[in-house]
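Engineer: A single structure is presented below for examination.
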Amino acid sequence: MKVLLVAVNAKYIHSNLAVYDLKAYTENIPVEVELAEYTINQQQEEILRDIYEHKADVVAFSCYIWNITYVKALAEELHKIDPQVQIWFGGPEASYDAKQLLRELSYVELVIVGEGEETFAQLLQKHLLDKERLENIVGICYRENTGEICDNGIREYLPMDKIPFVYHNLDRFAHKILYYETSRGCPFRCSYCLSSIDKRVRLRSLSLVFPELQFFLDHKVDQVKFVDRTFNCNHEHAYEIWKYLLEHDNGITNFHFEVAADLLREEDFALFAQMRKGLIQLEIGIQSTYPDTITEIRRVMDVGKVAECVARVKKMHNIHQHLDLIAGLPFETFAQFQQSFNDVYAMRPDQLQLGFLKVLKGSYMEEKKEDYGIISTSEPPYEVLATKWLSYEERSLLKDVEEMVEVYYNSGQFMHTLEYLLAGREDTFSFYLQLSRYYRQREWMGYKHTRLFRYDALRAFVSDGLQRNMTAEPENISESDPKRSVRKDTVCAKFEEELLSEYLLHDLYLTENSKKRPDWACDDTETKQRLKQIRDPRWRAQHLKQEQAGQIEKILANRTDLHLEYYPKMCGGYLLYDYSQRDPLTNEAKVYEITMS
């Protein structure tokens, strides 16, 4: 008897912790269980053939919002070519309203409802081996031979200490993010989130957690992403783990946590201040700063304290912070979302994720869907299209803003230029809105552009916004109207074209020793010659200060991954980029200012 666990992930670098849990939890049961991981970007025929060639008696699919459409189609085709194979579904997207799913999908025999470890084990032992009837197994919804659909209810949750550690052999996880959990459940009741259904937080004992963390550290894995829903909801638990990571840091591994910033305490900040740059990174879900929205979505958050905590961490310059916003929440209009964006942007996170509300099955948000006038996509991911407060047209504009934020802010490739353009500006949202309109008017949206094109486009946008004579706009055109043109005062207050070009060039070379220069960049013949001179010890002795000459000598030793650029406006001299040394948070090259004696 063979069972194949199938995970269709969003990306190759992802791994599916749930299916590895199932396999590890059942390793002592004498049923052959194999794992097969794919991505939604692979051809369905390729995956179908591979599943078929496993010749399994049971194929169990792990179902999530991002893969359910793909999985349904795949399972249907599998049933056509191998009608004898039993098809099981499990996971959050299959668990809710499992009866309806079985009515729709005649080829699915059963659905594992809720957490699956113990239920899967009993299916293997009692159903497949002992041939017991399915009616004796709690935690499933299944189809009788008569066609009747039966629901056996949800199984009691497992203690976290019974969940096995799945990473003893890391060969299978090469070049992938490792997901790890020390808790399940969430004490908060956010209306858009399914984690709020399980309000009882279960913790894994630190006596188990510490050796498992040490395993990751000993094997020098690149990144471990904790999937605990609010990692620091239990302060002692979180503090002890952060303290362990600080005391056992291997200088390589990065640990990612989703936290509530306003729950951080003084002792947490004291630990953070001692950490290596890049040891941990924090994801902070703000979602909205509009008080009525925060109340309506049943979120408990002190926005002022969040901003204060984010600022304290940022001043340390050693922890990457990723802040989240959700568009389409109740009571939040276009203008109010604009304010939320400006509030969060002012915190200057390393990444600002502009997401859109997903109306998840089983969530309180779905119950209130009609009251809020929510229109969402019929198929997963059930993303909001419009609400009482946000029109589809406005939502579409926010989609364009999201694209510009991803390209220009979250890429980290334009940070100094953006700081120059937006210095002192409170309404940063309008900048990205106008930039998106500029792209839309030129039909640039929706295409994969080269990196150099993005630099050219930003430079052209700023230049055009200030140099063209704009037609005065009627007062009755709202800020969110897509027909509104790019106004001079919404691009930036002022700029010097040469200085703008230098900032753009600086951003370009900070992250890449680009072999191709933008057309607007000055000729680099002189700087190439200057770099040759700097490599000459005799020239350095004559033209550089003694202290700097010694520093440059160490940098130049056997290195070719260097670039020199002259910036008369930005710094009044030369900058040397060393690509062998990069900032762990920004990935920027280390920069040395060359000062002539």
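Engineer: Using only the C-alpha atoms of region 366-449, find the volume of their convex hull and express it per residue in Å³. Let's see the in-between values first.
Structural biologist: Numbers: hull volume 11.5 nm³, N = 84.
Convex hull volume per residue, Cα atoms: 137 Å³.
Engineer: What relative contact order, as a whole-number percentage, does region 1-142 give when Cα pairs under 8 Å and 6 or more residues apart are counted? Let's see the in-between values first.
Structural biologist: On the way: 235 pairs, mean separation 33.9, N = 142.
Normalised by residue count, the contact order of region 1-142 is 24 percent.
Engineer: Residue by residue through region 370-383, what is 3J(HN,Hα) from phi via Karplus (6.51 cos²θ - 1.76 cosθ + 1.60, θ = phi - 60°)? Round to whole Hz and write x for glycine and proline.
Structural biologist: Once rounded to whole Hz, the list reads 5, 4, 8, x, 6, 10, 10, 5, 6, 9, x, x, 6, 7.
Engineer: How far apart, in nm, are two points set 7 Å out from the Cα along the Cα-to-Cβ line at Asp371 and at Ile177?
Structural biologist: About 3.4 nm separates the two model spin labels.
Engineer: Counting only heavy atoms of protein chains, what accessible area per residue, in Å², does the chain have with a probe of 1.4 Å?
Structural biologist: Using a 1.4 Å probe on heavy atoms only, each residue of the chain averages 47 Å².
Engineer: Now a separate question. Students sometimes get this wrong: rank Glu547, Glu135 by accessible area, probe 1.4 Å, all chains present, largest first. Before the final figure, lay out the partial values.
Structural biologist: Values: Glu547 165, Glu135 95 Å².
So the residues, ranked largest to smallest area, are Glu547, Glu135.
Engineer: Still on this structure: Starting from the 7 Å offset along Cα-to-Cβ, what nm value, one decimal, do you get for the label separation of Leu585 and Arg103?
Structural biologist: In this crude spin-label approximation the distance works out to 5.4 nm.
Engineer: What is the extension gain from Lys277 to Lys516, computed as 0.36 nm multiplied by their sequence separation minus the C-alpha to C-alpha distance, in nm to one decimal? Provide the component values of the computation, followed by the final result.
Structural biologist: On the way: separation 239, 0.36 × 239 = 86.04 nm, distance 3.15 nm.
Working it through step by step, the gained length comes to 82.9 nm.
Engineer: What pairs from Lys277/Lys305; Lys448/Lys515; Lys277/Lys516; Lys448/Lys569 go past 22 Å between their alpha carbons?
Structural biologist: Lys277/Lys305; Lys277/Lys516; Lys448/Lys569
Engineer: Please work out whether region 6-90 counts as rounded, prolate or oblate from its C-alpha gyration tensor, where a ≥ b ≥ c are the square roots of the eigenvalues and a/c under 1.5 means rounded, while otherwise a/b larger than b/c means prolate and anything else oblate? Walk me through the intermediate numbers first.
Structural biologist: Numbers: a/c = 1.75, a/b = 1.10, b/c = 1.59.
Cα axes put region 6-90 in the oblate bin.
Engineer: Follow-up question, since we're still on this one. Filter the GluC sites (Glu not before Pro) in region 356-393 to those in DSSP coil with at most 11 other Cβ atoms within 10 Å of their Cβ, and list the result. Can you show the working numbers first?
Structural biologist: Values: sites: Glu366, Glu367, Glu370, Glu383, Glu393; in loops: Glu370.
Sites meeting the loop and neighbour criteria: Glu370.
Engineer: Per residue of region 302-317, in order, report the coupling 6.51 cos²θ - 1.76 cosθ + 1.60 (Karplus, θ = phi - 60°) as ³J(HN,Hα) in whole Hz, putting x for Gly and Pro.
Structural biologist: Calculated HN-Hα couplings, in order: 9, 4, x, 5, 4, 4, 5, 5, 4, 5, 5, 5, 4, 5, 6, 6 Hz.
Engineer: How far is helix 428-441 tilted off the main Cα axis of the chain, in degrees rounded to 10, range 0 to 90?
Structural biologist: 90 degrees
Engineer: For Lys225, list long-range residues whose amide hydrogen, built 1.01 Å from N in the peptide plane, is under 5 Å from its own amide hydrogen.
Structural biologist: Correct list: Leu178, Tyr179, Tyr180, His256.
Engineer: Between Lys314 and Glu240, what is the label-point separation in nm under the 7 Å Cα-to-beta-carbon projection?
Structural biologist: 3.4 nm
Engineer: So what is the relative contact order for the chain, in percent, with contacts set as C-alpha pairs under 8 Å and at least six apart? Intermediate values should be presented prior to the final figure.
Structural biologist: Working: 941 pairs, mean separation 45.3, N = 597.
With pairs under 8 Å counted, the relative contact order is 8 percent.
Engineer: Here is a follow-up. At most 15 other Cβ atoms within 10 Å and a DSSP loop assignment: could you name the trypsin sites (Lys or Arg not before Pro) in region 64-146 that fit?
Structural biologist: Working: sites: Lys72, Lys80, Lys99, Arg103, Lys126, Lys131, Arg133, Arg143; in loops: Lys131, Arg133.
Passing sites in region 64-146 are Lys131, Arg133.
Engineer: I've got another one for you. Which trypsin sites (Lys or Arg not before Pro) in region 2-65 sit in a loop by DSSP (not H, G, I, E or B) and have at most 15 other Cβ atoms within 10 Å of their own Cβ? Can you show the working numbers first?
Structural biologist: Numbers: sites: Lys2, Lys11, Lys23, Arg49, Lys55; in loops: Lys11, Lys55.
Listed in order of number, the matching sites are Lys11, Lys55.
Engineer: Ignoring ligands, DNA and RNA, what percent of the accessible area of region 1-40 is carbon or sulfur (1.4 Å)? Write out the running numbers ahead of the final one.
Structural biologist: On the way: 840 of 1590 Å².
Whole-percent figure for carbon plus sulfur exposure: 53.
Engineer: Could you check how much of the accessible area of region 321-450 is carbon and sulfur, as a whole percent, using a 1.4 Å probe? All intermediate terms of the calculation are to be shown ahead of the outcome.
Structural biologist: On the way: 2460 of 5220 Å².
Answer for region 321-450 is 47 percent, counting heavy atoms of protein chains only.
Engineer: Same structure, new question: Can you list the HN-Hα couplings for region 65-74, worked out from phi with the Karplus curve (6.51, -1.76, 1.60; θ = phi - 60°), rounded to whole Hz and with x for Gly and Pro?
Structural biologist: 4, 7, 10, 4, 4, 5, 5, 4, 5, 5
Engineer: Work out, step by step, the length gained on full extension between Met1 and Ala36: first 0.36 nm times the residue separation, then minus their alpha carbon distance; give nm to one decimal. Let's see the in-between values first.
Structural biologist: On the way: separation 35, 0.36 × 35 = 12.60 nm, distance 1.67 nm.
Between Met1 and Ala36, full extension yields an extra 10.9 nm.
Engineer: Past the 28 Å Cα-Cα mark, which pairs from Lys80/Lys369; Lys80/Lys131; Lys11/Lys131?
Structural biologist: On the way: Lys80/Lys369 37 Å; Lys80/Lys131 26 Å; Lys11/Lys131 38 Å.
Long pairs (Cα-Cα over 28 Å): Lys80/Lys369; Lys11/Lys131.
Engineer: While we're on this one: Carbon and sulfur atoms: what percent of the 1.4 Å accessible area of region 118-190 do they account for? Could the numbers behind the result be given before it?
Structural biologist: On the way: 1740 of 3700 Å².
C and S fraction of accessible area: 47 percent.
Engineer: Something else now. Against the longest principal axis of the chain, how steep is helix 451-467, in degrees 0 to 90 to the nearest 10, with axes from Cα atoms?
Structural biologist: Relative to the chain, helix 451-467 is tipped by roughly 60 degrees.
Engineer: Shifting gears a bit: If you take the square roots of the eigenvalues of the alpha-carbon gyration tensor of region 18-147 and sort them as a ≥ b ≥ c, do you get rounded (a/c under 1.5), prolate (a/b over b/c) or oblate? Write out the running numbers ahead of the final one.
Structural biologist: Details: a/c = 1.41, a/b = 1.22, b/c = 1.15.
Verdict is rounded for region 18-147.
Engineer: Using a 1.4 Å probe, how large is the accessible area of Ile163, given in Å² and rounded to the nearest 10?
Structural biologist: Here the accessible area works out near 10 Å².
Engineer: If you stretched the chain out fully between Ser205 and Arg265, how much longer would it get, using 0.36 nm times the residue separation minus the C-alpha to C-alpha distance? List each step's numbers first, then the result.
Structural biologist: Values: separation 60, 0.36 × 60 = 21.60 nm, distance 2.18 nm.
Difference between extended and current length: 19.4 nm.
Engineer: Determine the shape class of region 201-252: with a ≥ b ≥ c the square roots of the Cα gyration tensor eigenvalues, call it rounded for a/c under 1.5, and otherwise prolate if a/b is greater than b/c, oblate otherwise. Write out the running numbers ahead of the final one.
Structural biologist: Working: a/c = 1.82, a/b = 1.69, b/c = 1.08.
Because a/c hits 1.5 or more and a/b exceeds b/c, region 201-252 counts as prolate.
The values are calculated or read from the model by the stated rules, or taken from the named source; none is laboratory data. As the structure is a computational prediction, the values presented were derived from the model and not from experiment. Cβ coordinates were reconstructed from backbone atoms using ideal geometry, including for glycine residues, and neighbour counts include every protein chain displayed. Note: areas computed on protein heavy atoms with side chains; ligands, DNA, RNA excluded. Shrake-Rupley method; radii C 1.70, N 1.55, O 1.52, S 1.80 Å.
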